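The next block holds one structure in the form of structure tokens; read it before the comments.
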Number of protein chains: 2
Amino acid sequence: MEGGPAGGRALGAERRAAGLSAHVAPGGLRPAASPAPDLPASPLQRLLEGDNHEMRDQMKEAMRDPAFGFRFDLPLREERDLAYVRLRHLCQQGLWSVKDFLGDNPYRIFAAHEVAGIADGSMATKMTVQFNLFGGTVLKLGTARHHGALLDSIDRFDQVGCFALTELGYGNNAVEMETQAVYDPASDELVVHTPSTLAQKYWITNGAVHAHFAVVFARLLVGGKDHGVHGVLVRIRNDDLSIVPGVRIEDMGHKMGCNGVDNAKLWFDHVRVPRSALLDSFSQLENGGAFTSSIKRPRDRFLKVADQLLSGRICIGAMCLSGAKSALAIAVRYAHSRLTVGPKGKSDTPIFDYQLQQRALLPLIATTYGLNFGLADTKRVWAAARSDPALQPFSVLSCCGIKPLITWHLQEAATVCRERCGGQGYLSCNRLGSIIGFSHAGMTAEGDNRVLFQKVAKELLDLVRRGQFALVDVGLPKPGANMRCLDTLLGVFRSRESKRLMELGTRMATKTGAGETIFEVWMKQESDLVQATAAAFAERQCLESFVKVVQANENSGKPGMDLLRPLCELYALTRLESELGQLIIEGLLTTEHAKAIPEACRALCQALAPRSMELINAFGIPTHMCQAPIAMDWESYNVVDNQGEIVPNHTYSAAGTGFIDHKRADFPMLNQLGF
Amino acid sequence: MEGGPAGGRALGAERRAAGLSAHVAPGGLRPAASPAPDLPASPLQRLLEGDNHEMRDQMKEAMRDPAFGFRFDLPLREERDLAYVRLRHLCQQGLWSVKDFLGDNPYRIFAAHEVAGIADGSMATKMTVQFNLFGGTVLKLGTARHHGALLDSIDRFDQVGCFALTELGYGNNAVEMETQAVYDPASDELVVHTPSTLAQKYWITNGAVHAHFAVVFARLLVGGKDHGVHGVLVRIRNDDLSIVPGVRIEDMGHKMGCNGVDNAKLWFDHVRVPRSALLDSFSQLENGGAFTSSIKRPRDRFLKVADQLLSGRICIGAMCLSGAKSALAIAVRYAHSRLTVGPKGKSDTPIFDYQLQQRALLPLIATTYGLNFGLADTKRVWAAARSDPALQPFSVLSCCGIKPLITWHLQEAATVCRERCGGQGYLSCNRLGSIIGFSHAGMTAEGDNRVLFQKVAKELLDLVRRGQFALVDVGLPKPGANMRCLDTLLGVFRSRESKRLMELGTRMATKTGAGETIFEVWMKQESDLVQATAAAFAERQCLESFVKVVQANENSGKPGMDLLRPLCELYALTRLESELGQLIIEGLLTTEHAKAIPEACRALCQALAPRSMELINAFGIPTHMCQAPIAMDWESYNVVDNQGEIVPNHTYSAAGTGFIDHKRADFPMLNQLGF
């Protein structure tokens, strides 16, 4: 197979001999479509990255491997193999470790997610399950007897793991799960069992094809007593990938996106594992059945075992923010090379010149910057909270607030970019469709966004009640206030959060005082306010993070830093523009203030438009990780019969068990990509 | 192959013998997940349909053929075959004809699109190209010599056609296309030629696999003179599907959705066709090269040849509105059967009970009704304009206004439904992902939505200038006005449209009067207002249509008609809620009026929630066309190893040339589906 079937080359050769001379483009019709050759990282790129610059660069270099050439018309089995091969290749570089979660530089593992998310949502998803959910849980809930050689094998992707938490019947109420781990004192074993259809483990990433191990969450039953949900390390496949007896693995099949992820349904039919398989850092089970736990209430143990969901939200945010960067880089590059109707009716004007295009794309770029800096601070508070319990509630709030903001933003950005790229955006090779699919995975993974926002609002109210959260209501901006002033904007964001929290607290108190249940008021009457409160909190945090970055950098004299302030203004104003009416109704803005906001957004878009390439180049996406033909020389791409593919698909191993390297053949993108 | 490989059955048998007894669901945990057995059509369903009830019922019955069983992990070739087989099966029923475009009942062909869009966006897309773009163009631009036996073959799908308009370089500026049809007097032939890479025909549906004919749009060149764009009927494949010499067909490959559609890039290398291949209803070319045309300016001929794009927008709207109905039916049915956290923390409460779910889904249902009635009136004005030129501008406005509203609505509805169905919504078998993909095809097909909106605003301004369009500005609603009053709401919609049109006209006049070019002002300064004006027009039309339906039916005494008024209110209020701030800024509402709107929306959602099943049953989607497991008994679906498929995928013919019927095997959905 090496070099691909002769057909591919012959087709190209025949094309060159017979057809191309008649099909050359008229000169000068289009501006250079290719981006500039990959540039050295700008100060703006380093600012967005925030940490681990060298490791990020190394990881991107490792993605020059031909395995990272995108393929599209593939059966599931091959998509999964590709994601596996890619991730394994990266893991073998030794650039990060699951142990980073407890070390000095936990940012390394988040950086790995960010780089992974630029290129492949499926690979990034398999990565986050291997390192955060599975690896992180073994690391933190397990003890020396589990760590042994396993942690190193996790790092190298030699042993693949999955995180078997969700059950079919208990998607958003996992604490009610049914799976059991029954202690059998006779054999000193745990018997893991799935008692019903609704109890099957569902959505288990890495499960359908690749995983050797699962951390199975189950009710620990000892002598008839339910000790709550615990994690048990269960081998589900042998090293030769044969399935362990008693374990039933079913492939969940085709999905709307991320089809490189092998999601499984897992059933356990009285599967016996040694007592030592219990992850026992906080609960211990002795031979004979004596049970002790540092956590008193069985129900509270669930929160402990699900702890990796918290850093998981950072991981999802990191992956998904990179997805938004990819989508915007593709759309902006295309908009600069795509010519359409100009002043005289000829096709001579790049669509990026249209206000329509600028108004669609630049606010999304600004929001991407805002969320980037917000996520950076979320990482910091999460890292600090590892050793400072007082910070724990703020870490929870930040993680549960930023993940929804980023994943919804990704959905919006990818959708708008797709639409603004027209038909070209619809082709799989231009990647926007797969990024939309990626966004949907993010929106409901590691906690449905709306459920997380409920949690944020609830935790905030609790903090306010305990006097641990300062409310800042600075009142209306002055009449005639400059709505582009960051202090003014911060004031509006703070007042908005404060007013909503106060209002929500008041309504809860009033209505429950009048005899209604908390559940009734919270779930059936005040849902809009609950959601709006959480959004106000999360967006205020991001704006504060962004303003700090502006203040610390805008006078540094480094190139590009002059862009930070207008970007920050556009971020804040865009958030306000999306709910102007609500802000007026709540008394947070007057009509006069509101009127200035769309005008300011238009002015900022116009001002930033000439710098748009600089803004997206700072996303640090090298050509070989972008790949979308419309982000490069799409006319060359369309000279040959590309079949909608970027690399010659037919050289991929049909056996589904490995990856066969391809030659450059006649695919013109390969040279552009630098593989 | 009949009956499927034994493996499928054996797996099920083994499951029954070995596993199921241990995996029965605990009784009473879930309410009945199945929808009621398919009900007779309600008066509300008939009202939504509007016309051709019997034909719609027959077409739905024809979809009981097993070819309509959905399959997911398929290579492109098989997806295309499936779409082809399905469409051909329907065409052979003889329920509609391309000739309907000129007949008494043109609604029949739109109804066919509506029914098709419920089940399969790919099949519907192939249908609309065969019947509207290709067939309709042959019918209207062609003459007797083209019609001959071809029209009947089109109806039966015996001859498949495509519509080769768009070129790579001229997506939104097709009038500038490069393809040539050069008259050769020596042979009395036309020579069709693709002169450059950018001139290749792009996105040509039905082209990659199935089409025998293409209507090729090309500049007609006679003796060096360019007579503008004309349509030429070119055979591209012989009856045995071998490709005609000189025609180069390239498969565009994988897309983000509608992969059953075989899009092609077409190149013509001096392909010779007889002079009679020119579609000559308005331009005639005689032997020797004498050319006459009833349309004077060559550039105007383009508008004539692209005429089917207008009815095409109705077709796209019809298909896509059905997509929204499918998405909502799936999401609402699931929300009634999916249990999650209730008042006591147990998983005992259907998620539809949550205000969050109701607030997300009910406004989308109301909008679906509003667009349905708006589309019905668009069809009427289009049909009337066929014989009344004075109505033509209004037909253009309606068609160009409704298509964007519907396709954006589909995008929003499918996206929200996906998110509100959580992980289940992510599985391909639950169809929401494919509906999102379908929506994106609609948003930029038959004219990019934003470009159509520009056209609407421009045409409106022209009509206003010519005194052919009445502006109605009724001013602000009275203080304390009931914002649920339909008269009040209609007044706001009319004033909004009127104010924006006036404002846009004023700004254009002022700025161009000050020396700026129209292009500069329209494309680079007033884009937001242009778009908002078109939206105000199109939404006002829909609301007026809906109000007429309310008035004509609410007192009919038929069941369900009491739902119309609150639905209409919710439709209108939802549109206003989405841009409250803008309405206040424009002086169309006071803050007090605005404040009442979200409250009214919440009240209406609460009031309509208990009738939600009635509302979605009126969409007329029988179980065998819905298929999504989460809309049926999803617990049963998950008892067996379904591989994410609904019907046994592996019995589909791998040869890719035909369809092999499957047996019921062990797939539990087949009985539910009634295949």
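The values are calculated or read from the model by the stated rules, or taken from the named source; none is laboratory data. Fair warning: this is a prediction, and the values are worked out from it, not measured in the lab. Note: ideal-geometry Cβ built from the backbone for every residue, glycine included; neighbour counts use all protein chains shown. Heads up: the accessible areas ignore ligands, DNA and RNA and are worked out on the full protein's heavy atoms, side chains in. Shrake-Rupley method; radii C 1.70, N 1.55, O 1.52, S 1.80 Å.
With a 10 Å cut-off around each Cβ of A:577-588, the average count of Cβ atoms from other chains is 5. Distances between copies at residue A:286, taken between label points 7 Å from Cα along the C-beta direction, are 11.2 nm in increasing order. Note that the range A:248-400 carries a Kirkwood radius of 20.9 Å, evaluated over its alpha carbons pair by pair. Annotation: per residue accessible area for chain A equals 33 Å², rounded to a whole number [probe 1.4 Å, protein chains only]. Just report the Cα centroid separation between the range A:120-154 and the range B:80-155, whole Å. With the range A:120-154 and the range B:80-155 each reduced to a Cα centre, they are spaced 55 Å.
At q = 0.04, 0.05, 0.08, 0.09 Å⁻¹, what is the log10 ratio I(q)/I(0) for the protein assembly as shown, with the Debye formula run over Cα points and no solvent? Calculated log10 I(q)/I(0) at the listed q: -0.22, -0.35, -0.97, -1.27. What is the sum of charges around residue B:460, taking Lys and Arg as +1, Asp and Glu as -1, for the other residues whose C-beta is under 12 Å from the C-beta of residue B:460? Around residue B:460, the surrounding residues sum to +3.
Note on the range B:503-528 and the range A:348-427: Cα centroid distance 33 Å, given to the nearest whole angstrom.
What does the C-alpha gyration tensor say about the overall shape of the range B:93-239? Classify as rounded when a/c is under 1.5, otherwise prolate if a/b is larger than b/c, or oblate. Prolate is the answer for the range B:93-239, as a/c is 1.5 or above and a/b outweighs b/c.
Computed extension gain for residue A:54 through residue A:392, at 0.36 nm per residue and net of the alpha carbon distance, reaches 118.7 nm.
List for the range A:350-366: residues with 50 Å² or greater reduction in accessible area, all protein chains versus chain alone, probe 1.4 Å? Output list: A:354, A:355, A:356. Pairwise Cα separations in the range B:488-562 fall into 5 Å bins from 0 onward with the following percentages, short to long: 3, 15, 18, 15, 12, 10, 8, 6, 4, 4, 3, 1, 0.
Amide H to amide H distances under 5 Å link residue B:202 with B:166, B:167, B:168, B:266, where only residues 5 or more positions off or on other chains count and H is placed in the peptide plane.
Short to long, the 5 Å bins of the Cα pair-distance histogram for the range B:453-513 hold 4, 17, 22, 22, 13, 11, 8, 3, 0 percent of all pairs. Counted over the range A:180-264 with a bin width of 5 Å, the fraction of Cα pairs per bin, in whole percents, is 3, 13, 21, 22, 18, 12, 6, 3, 1, 0. Site-free segments of chain A were taken between trypsin sites (Lys or Arg not before Pro) in DSSP loops having at most 11 other Cβ atoms within 10 Å, sites themselves excluded; the longest one is A:1-295.
Summarising the amide proton neighbourhood of residue B:255: residues at separation of 5 or more, or on other chains, whose placed amide H is nearer than 5 Å comprise A:428.
Summary value for chain B: 19 percent relative contact order, contacts being C-alpha pairs under 8 angstrom separated by 6+ residues.
Counting, for every residue in B:246-255, the Cβ atoms of other protein chains within 10 Å of its Cβ and taking the mean gives 6. A simple rule links phi to the HN-Hα coupling: the Karplus curve 6.51 cos²θ - 1.76 cosθ + 1.60 with θ = phi - 60°, which for the range A:515-526 gives x, 7, 7, 4, 4, 4, 5, 5, 8, 10, 10, 10 Hz, with x for Gly and Pro.
Computed in the context of the full set of protein chains, the accessible area of the range A:92-138 at 1.4 Å probe radius has 43% of its extent on carbon or sulfur. By its C-alpha gyration tensor, with a ≥ b ≥ c as the square roots of the eigenvalues, how is the range A:26-178 shaped: rounded for a/c under 1.5, else prolate for a/b larger than b/c, else oblate? Since a/c reaches 1.5 and a/b is larger than b/c, the shape of the range A:26-178 is classed as prolate.
Report summary: the helix-based calculation at 222 nm, which adds -39500 (n - 2.57) for every DSSP H run with n ≥ 4 and divides by the residues of chain A, gives -16000 deg cm²/dmol.
Please give the residues from the range B:507-548 for which the solvent-accessible area of heavy atoms, probe 1.4 Å, is smaller by at least 10 Å² with all protein chains in place than with the chain isolated. For the range B:507-548, once contacts with the other chains are taken into account, B:519, B:523, B:524, B:525, B:527, B:528 lose 10 Å² or more.
Rg/Rh for the range A:316-450 stands at 1.11; both radii use Cα atoms, and Rh follows the Kirkwood definition. Between residue A:228 and A:220, the built amide H atoms are under 5 Å apart, and every one of these is 5 or more places off in sequence or on another chain. Starting from the label point of residue B:614 at 7 Å along Cα→Cβ, the same points in the other copies fall at 6.2 nm, in ascending order. Note on the range A:575-640: with neighbouring protein chains present and a 1.4 Å probe, carbon and sulfur make up 50 percent of its accessible heavy-atom surface.
Between residue A:509 and residue A:472, the C-beta separation translates, for a Förster distance of 25 Å, into a calculated FRET efficiency of about 0.75. Using a/c under 1.5 as the rounded threshold, could you call the range B:408-525 rounded, prolate or oblate? The axes a ≥ b ≥ c are square roots of the C-alpha gyration tensor eigenvalues, and prolate needs a/b larger than b/c, oblate otherwise. Taking the square roots of the gyration eigenvalues as a ≥ b ≥ c, the range B:408-525 is oblate.
Rounded to the nearest whole Hz, the Karplus-based 3J(HN,Hα) values (6.51 cos²θ - 1.76 cosθ + 1.60, θ = phi - 60°) of the range A:241-246 follow the sequence 6, 5, 8, 5, x, x, with x at glycine and proline.
Each residue of the range A:489-505 was assigned a 3J(HN,Hα) from its phi angle through the Karplus expression (A = 6.51, B = -1.76, C = 1.60, θ = phi - 60°), giving 5, 4, x, 5, 4, 5, 5, 4, 4, 5, 4, 5, 4, 5, 5, 5, x Hz with x at Gly and Pro. Straight-line reach from residue A:265: taking Cα to Cα under 20 Å and skipping same-chain neighbours fewer than 8 places apart, the lysines in range are A:126, A:201, A:255. Please average, across the residues of A:419-431, the number of beta carbons from any other chain that are within 10 Å of each residue's own beta carbon, and give a whole number. Across A:419-431, the average partner-chain Cβ count within 10 Å equals 6.
Within the accessible area of the range B:253-320, the carbon and sulfur atoms contribute 49%, probe 1.4 Å, all protein chains present.
Relative to the globular-protein estimate of 2.2 N^0.38 Å, the Cα radius of gyration of chain A stands at 1.01.
Counting every C-alpha pair in the range B:334-412, the share spaced more than 16 angstrom apart comes to 64%.
Placing R0 at 60 angstrom, the Cβ-Cβ distance between residue A:270 and residue B:518 gives a FRET efficiency of 0.20 after rounding to 0.05.
Normalised by the number of residues in the range A:122-274, the mean separation of alpha-carbon contacts (under 8 Å, six or more apart) gives a relative contact order of 25 percent.
Contact residues in the range A:307-348 by the 50 Å² criterion (accessible area, 1.4 Å probe, full protein complex versus chain alone): A:338, A:347.
Given a 1.4 Å probe and the protein chains as shown, residue A:506 ends up with an accessible area of around 70 Å².
Counting charges near residue B:565 (Lys, Arg +1; Asp, Glu -1) among other residues having Cβ under 13 Å from its Cβ returns a value of -1. Could you give, in nm with one decimal, how far residue B:158 is from each other copy of that position, shortest first, with labels 7 Å out from Cα toward Cβ? Label point to label point, same position, other copies: 6.8 nm. Cross-link reach is defined here as a Cα-Cα straight distance under 16 Å, omitting same-chain residues fewer than 8 places apart; for residue A:344 the lysines meeting it are B:524. The alpha-carbon atoms of the range A:155-204, seen along their principal axes, cover 36, 32, 17 angstrom, with the largest extent given first. Checking the cross-link pairs A:458/A:548; B:99/B:225; A:60/A:455; B:346/B:558; A:346/B:99 against a 29 Å limit on the alpha carbon distance flags B:99/B:225; A:60/A:455; B:346/B:558; A:346/B:99 as lying beyond it.
What's the total accessible area buried between chains B and A, using a 1.4 Å probe, rounded to the nearest 100 Å²? Using a 1.4 Å probe on protein heavy atoms, the buried area is about 9000 Å². Average projection, convex hull of the Cα set of the range B:371-435: 4.9 square nanometres. Where chain A is rotated onto chain B, the residue of A whose Cβ comes nearest the axis, and that gap in whole Å, is A:581, 2. Its convex hull of Cα atoms gives the range A:300-379 a direction-averaged projected area, equal to a quarter of the hull surface, of 6.5 nm².
Hydrodynamic estimate: the Kirkwood radius of the range B:489-533 over Cα pairs, inserted into Stokes-Einstein at 25 °C and 0.890 mPa s, corresponds to D of 223 µm²/s.
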